[in-house]
Amino acid sequence: MMAEGRFTNPVVASLAGVRDFFSGQKLESRLTDDDRADGKTVVITGATSGLGFALAVDFAKRGARVIMACRSQIPEAGERVKKLSGSDTVEMRYLDLSKIKTIHAFVQSLVSDGITLDVCILNAAVALPGPRKTETGQDEFFQVNYLSNVTLTLLMIQHGVLELKEAGRLSRLIFISSDSHQGATYIDYDEFGRYFEYGVSKAISNYSYFKLVLNTYATELSKRVNKNKVLLGINAICPGPVHSNIVKEAPWLLRKVLNGIFWIVFRPPAKAALPVVYMALSPDYEGKTNEYLHMFNPKRMDPKVYEPEEGLKLWERSVELLREIDPDHNTYLGVSQGPVSQLF
Ligand SMILES: NC(=O)c1ccc[n+]([C@@H]2O[C@H](COP(=O)([O-])OP(=O)(O)OC[C@H]3O[C@@H](n4cnc5c(N)ncnc54)[C@H](OP(=O)(O)O)[C@@H]3O)[C@@H](O)[C@H]2O)c1
């Protein structure tokens, strides 16, 4: 049996967003203009459009130094963020999550510039209509939406870009997820990291399935980093339905239908960004880890995400795969010194 996400039909998946559109927002009033980001440095992956772009504008308006980690639109998207936010402390750096080498170069550029982060938002993702092979022989869907985030987070932790702090205000790492992960199947290790042909319905179901994989990793990482005490806030959030470019690779007719639904019931990115900003800046989340928000509503993730043996197996298989495909894996895996060595 193949791994499956909650939805195999994109129209049904989009219509599930209708319920979210009308649902209550328990903690919405907890985010105020007093939640400022002055002096903070924030990285957002995939900040050229949709949620990531809106987050860049919002953080810049709140006074943050914003680093947009992107594979395209450099520097145009950054210029647009500057214009919309009125801030000058916005920059773009190249990062293509389908190419492992660029993850190393991106983290190295932060290290060279002496940058440490207060907030890191892992936002970039794709929704592809079918398989596409990356340079290292994986499926791009798997690599961008899941595996690249393992390399990125472990490199950032190992090199002190994301510091594990014993005292003071903790840094916050946020995984952008989707509530559609609820109900996806257990992780399937027959297909894990393997490239194979599949059709549209598997492609659609991949989206929610890889979010379950991502949440399982976030949970395992949080457990390993924060063994006896919280040193880094590691949390996940679903922004709810966002009117974005996520279906840009869907076939023409389907894209038209989905964009129609998006126009009517999906929320503008600037609005969808607010609970993410809340989780990143609010004192409510100081010292909190392995929490999950569905928009402004605290919630449990799918129960499978918390199963210790699921997290352990995912960690081990991810490390094994990265040892095979990343020629520079020895800068963050199997290290005998540095923060990551403590995670094994
Ligand atoms: N839209 C929704 O209803 C919804 C609901 C729940 C969760 N989410 C999540 O929200 C996040 C943002 O998605 P969105 O809806 O705002 O979609 P979007 O507008 O398509 O934005 C996705 C971003 O990811 C970037 N990206 C894609 N592949 C990349 C790669 N290989 N390397 C680096 N960046 C890459 C894109 O860059 P390019 O411009 O270069 O393609 C773009 O900036 C995703 O994690 C998504 O799963 C969305």
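List of remarks:
- In range of the label at Ser341: residues from the stretch 154-174 whose backbone nitrogen is under 15 Å from the point 7 Å along Cα→Cβ: 158-160
- Proximity of backbone amide H atoms, modeled 1.01 Å from N, is registered between Leu173 and Cys120, Gly233, Ile234, Asn235 at under 5 Å, excluding neighbours fewer than 5 places apart on the same chain.
- Here is the list for the stretch 178-213: chymotrypsin sites (Phe, Trp or Tyr not before Pro) lying in DSSP coil, each with at most 11 other C-beta atoms within 10 angstrom of its C-beta, are Phe196.
- Using every pair of distinct Cα positions in the chain, the Kirkwood expression returns a hydrodynamic radius of 20.1 angstrom.
- DSSP beta bridges fully contained in the stretch 1-146 are about 5 percent antiparallel.
- Kirkwood Rh, angstrom, the stretch 1-141 [1 / mean 1/r, Cα pairs]: 17.3
- The stretch 263-344, relative contact order [Cα under 8 Å, separation at least 6], %: 12
- Residue with peak Gaussian network fluctuation, the chain [Cα springs, cutoff 10 Å], from Asn330, Asn245, Asn235: Asn330
- Considering the stretch 78-183, its Cα convex hull presents a mean projected area of 9.4 nm².
- Over 29 Å between alpha carbons, listed pairs Lys101/Lys223; Lys61/Lys288; Lys61/Lys133; Lys133/Lys211; Lys223/Lys271: Lys61/Lys133; Lys223/Lys271
- In percent, rounded to a whole number, the relative contact order of the chain is 23, using alpha-carbon pairs under 8 Å and six or more apart.
- Listed by chain and number, the aspartates and glutamates placed with their C-alpha closer than 17 angstrom to that of Lys299 are Asp20, Glu28, Asp179, Asp284, Glu291, Glu307; residues fewer than eight positions away on the same chain are left out.
- For the stretch 173-223, the alpha carbon positions stretch 34, 21, 18 Å along the principal axes, listed from largest to smallest.
- At q = 0.11, 0.13, 0.14, 0.16 Å⁻¹, base-10 log of I(q)/I(0) for the stretch 211-344 (Debye sum, equal scatterers on each alpha carbon): -0.57, -0.75, -0.84, -0.99
- Between Thr32 and Asn228, the modelled label-to-label distance comes to 3.8 nm, taking each label 7 Å out from Cα in the direction of the beta carbon.
- Cβ-based exposure ranking for Trp315, Trp252, in which fewest neighbours within 10 Å come first: Trp252, Trp315
- Given Lys40/Lys83; Lys40/Lys313; Lys82/Lys202, the pairs whose alpha carbons are separated by over 30 Å: Lys40/Lys313; Lys82/Lys202
Bear in mind these aren't lab numbers, they're just calculated from the coordinates by the rules spelled out. Predicted model, so just to flag it, every value in this text is computed and none were measured. All Cβ positions, even for glycine, are placed from backbone atoms using ideal geometry, and neighbour counts span all protein chains on display.
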